[in-house]
Amino acid sequence: LALVTDAFSRFITGFDVSTSLAVEGALRALKMGISQTRLPLERLIHHSDHGVQYTCHTYRDELAKHKILSSMGEAGNCHDNALAKRVNSILKLEYALNSRFVTVTQAVTAVKQAVWLYNNERPHLSLNYAKPVEIHFQPFT
């Protein structure tokens, strides 16, 4: 599961389910995330871990093409990507994405439902109990 999450609103803007760690799944999630972004792309910072899909030239070239700044935490430091780890944990524990799925289609269906519920129904303490959708689509001030 590759996710792209807006750190300000906690809104998951892109996701993809893949059976491998190849770059294609992460690229699909990134492109979906870019299509959901409201800010000028050159104002974005893409933070990730040092996974092979995020460090390969293809992924980094896609970020550069859109003038998105790439940021990677220190290798082995679990605190550097805390938001991603928290979102993954919520999806696994609260929306049962840690289940075993018989088919990829079942997994994709479960992920789509979990992301929708997370974005539209789940209040966040860090957002003063607002839902990500309420913050992500607020007018800019």
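The values are calculated or read from the model by the stated rules, or taken from the named source; none is laboratory data. It should be emphasised that the depicted structure is a prediction, and the values quoted were computed from it without experimental measurement. Glycine gets a Cβ as well: all are built from the backbone with ideal geometry, and neighbour counts include every protein chain shown.
Selection within region 14-29: residues that are in contact with a strand residue (DSSP E or B) (Cβ under 6 Å, 6 or more places away or on another chain) and hydrophobic (A, V, I, L, M, F, W, C). The member of this set that is nearest to A114 (Cα to Cα) is F15. If you go through region 85-103 and keep only what is surrounded by 11 or more Cβ atoms within 10 Å (Cβ to Cβ) and β-branched (V, I, T), you end up with V87, I90.
Scanning region 104-119 for any residue that is of a type in the set (S, T, Y), surrounded by fewer than 15 Cβ atoms within 10 Å (Cβ to Cβ), within 14 Å of L1 (Cα to Cα) and within 15 Å of the chain's Cα centre (by Cα) turns up nothing. Answer yes or no as to whether E24 is modelled with pLDDT of 95 or more, farther than 29 Å from L125 by Cβ and not aliphatic (A, V, I, L, M). So E24 passes the test.
Can you pull out the residues in region 56-84 that are among the polar types (S, T, N, Q) and either in contact with a Pro (Cβ under 7 Å, 6 or more places away or on another chain) or surrounded by 13 or more Cβ atoms within 10 Å (Cβ to Cβ) (or both)?
If the condition is that a residue be among the polar types (S, T, N, Q) and either in contact with a Pro (Cβ under 7 Å, 6 or more places away or on another chain) or surrounded by 13 or more Cβ atoms within 10 Å (Cβ to Cβ) (or both), then S70, N81 are the ones that fit.
When you check V133 against the structure, is it under 21 Å from F11 (Cβ atoms), crowded, with 17+ Cβ neighbours inside 10 Å and out of contact with any strand residue (DSSP E or B) (no Cβ under 6 Å at 6 or more places or on another chain), yes or no? Answer is yes for this residue.
Give me the helices (runs of 4 or more DSSP H) completely within region 38-141, filtered to those with at least 3 residues that are free of Cβ contacts under 8 Å to residues at least 24 places away in the same chain and within 25 Å of S20 (Cα to Cα), ordered by residue number.
Details: elements: 52-55, 57-65, 82-94, 104-120, 132-136.
Result: 57-65, 82-94, 104-120.
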